[in-house]
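Values quoted throughout were computed directly from the atomic coordinates according to the rules given, and no laboratory measurement underlies them. What you see is a predicted model; the values in this text were computed from it and never measured. Glycine also receives a Cβ, built like all others from the backbone with ideal geometry; neighbour counts cover every protein chain displayed.
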Amino acid sequence: MKPFDIARSYIGTTEGLGPADNPVIMEMYASVGHDWVEHDSVAWCAAFIGHCFERAGIRSTRKLTARSYLDWGVPVEVVDAQQGDIGVIPRGNSNWQGHVFFIDRIEGAWVWGLGGNQDDAVTVKRFPVSKLLGVRRAGNVAPAVTLSVTAVQQRLKDLGYHEVGQIDGSMGPRTRAAILAFRNDNDLALVPIIDVALTEALEHATPRDIAPERASGVPTDSRIMTAANAQIGLGVIGAVGSIGSQIAPALMEAEEARDMASRVFTLIGLENWLSVSLPWIGAAVFIGVVFYALRAKAARIDDHRTGKTP
């Protein structure tokens, strides 16, 4: 979508009532790198414009000052202004304050602007053309640098946020949870979105810290650990029992049955071999169970100590 079309989709968005803040507007601050803003009462016309450009893949000024757009893109004469261009007008009595909006149309002495923070909402409002400080167009503005969902998932996993789950490119609940955990650890706004602030933080982040007690501990509430311990116990008992026995149950049943198979074994001399080998075969099976249970237990402990599991 074009930035202007994205902007139109927000028409009607208003600031939160009373002390409440509209999370949509808070997301706009965050998407241009200003997730430190705590309330939507902070002037957000430039955040709105920047958010629309960033969503369209065009780098904004990433500033909250409206006049920052006077040095952005390429200049356009007022008579050549088109829908979707950027208009900047003064606000207040200082030479740094201003208001920025998308130009919807120019009719005579009036310019109709689609902007945020216009009567505390996203609206289309008219302003005198004579007030325009400048009109700008994206031109050859550098593309916005944001990561794909897949890239964010991989980076989070590399940093130790294994709750992200599978690397599948889907913005599911596990990915959102990992993003929130990373944002919390890095003092970013707690919004589960991929924005400029998140992208830059991921680029410079160091691996997640593991608490000392976790790094040397073992999981206490794990079905894998419980099952592994049970398998180890049963495997040891089974191995000892197999080695200690002289005649395997299967061979005893075969002798009692005196069926054709037993006669064949006796005829070719396998009965004695089986009576000796079966206990050791059984022991080998039980030892194998113990071995794999120990591996599963060790892997679970390693996952716990490295933070791969909750």
Problem - Gain on full stretching of the segment that runs from Thr226 to Ile287 - 0.36 nm per residue minus C-alpha separation - result: 20.1 nm
Exercise for the section: Evaluate E = 1/(1 + (r/R0)^6) for Met1 and Leu133, where r is the Cβ-Cβ distance and R0 equals 30 Å; express this FRET efficiency to the nearest 0.05. Expected result: 0.65
Practice task
May I ask you to derive the FRET efficiency for Asn140 and Arg174 from their Cβ-Cβ distance with R0 = 51 Å, giving the value to the nearest 0.05?
Solution key: 0.85
Exercise for the section: Find the relative contact order for the stretch 1-133 and round it to a whole percent, using C-alpha pairs within less than 8 Å whose residues are 6+ positions apart. Expected result: 23
Handout entry: For the stretch 43-172, convex hull of alpha carbons as volume per residue, Å³
Key = 139
Problem - Gain upon complete extension [Glu107, Val78; 0.36 nm per residue less C-alpha separation] - result: 9.3 nm
Practice task
Report the paramagnetic label zone for Ser94: residues of the stretch 32-46 whose backbone N is under 16 Å from a point 7 Å from Cα along the Cα-to-Cβ axis.
Solution key: 42-46
Completion exercise
Out of Met26, Phe53, Tyr69 - ranked by how far each Cα lies towards the positive end of the dipole of the stretch 3-137, with unit charges on the beta-carbon of charged residues - the top one is Tyr69
